[in-house]
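The structure appears right after this line, and notes come after that.
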Amino acid sequence: MTVLRSVLLFVLAAVAEIGGCWLIWQSVKEARPWWLAGLGIVALGVYGFVAALQPDANFGRVLAAYGGVFVAGSLLWGMSVDGFRPTRTDVLGALVCLAGVAVIMYGPRR
């Protein structure tokens, strides 16, 4: 149950962080309304709280592992929201990052 909870928190954190960054991007780079940037800032704040809910108490481990989730999640977001089409090397890189997440977060502790 702890691994499932951790994975769900990583997914929720990715949606909040990537979504927040995307909203700010839309406001600044795509000349969309300013209030989208405000919503993005709120979403980034939510990300910080969600990340803190991870069952592992080690900040460095959680944020290092989350980096891999962010990489894969960003590609998925781009595909689903912006029509981005990843290359084979994009996909391979994301899979390597997710393997890193598994090793860092769920590998055996000595």
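In terms of surrounding Cβ atoms within a 10 Å radius of their Cβ, V101, V46, V96 rank from fewest to most as V96, V46, V101. Once the Cβ-Cβ distance of V103 and V28 is raised to the sixth power relative to R0 = 41 Å, the FRET efficiency obtained is 0.70.
Most mobile of V42, V50, V69 per a Gaussian network model of the chain (Cα springs, under 10 Å)? The residue with the greatest mean-square fluctuation here is V42. Rounded to the nearest 500, the helix-only mean residue ellipticity at 222 nm of the chain stands at -28500 deg cm²/dmol, with each DSSP H run of n ≥ 4 adding -39,500 (n - 2.57). Only alpha carbons enter this Debye calculation for the chain, each as an equal point scatterer, and the log10 of I(q)/I(0) it gives at q = 0.23 Å⁻¹ is -1.24. Using a cutoff of 8 angstrom between alpha carbon atoms and counting only pairs six or more residues apart, the relative contact order for the chain works out to 26 percent. Computed from Cα atoms, the angle from the helix 34-52 axis to the main principal axis of the chain rounds to 10 degrees.
If R0 equals 30 Å, the separation of the Cβ atoms of V3 and F84 corresponds to a calculated FRET efficiency of about 0.55.
Where a number appears in this text, it was derived from the coordinates with a stated rule and is not lab data. What you see is a predicted model; the values in this text were computed from it and never measured. We place every Cβ from the backbone using ideal geometry, glycine too, and count neighbours over all the protein chains shown.
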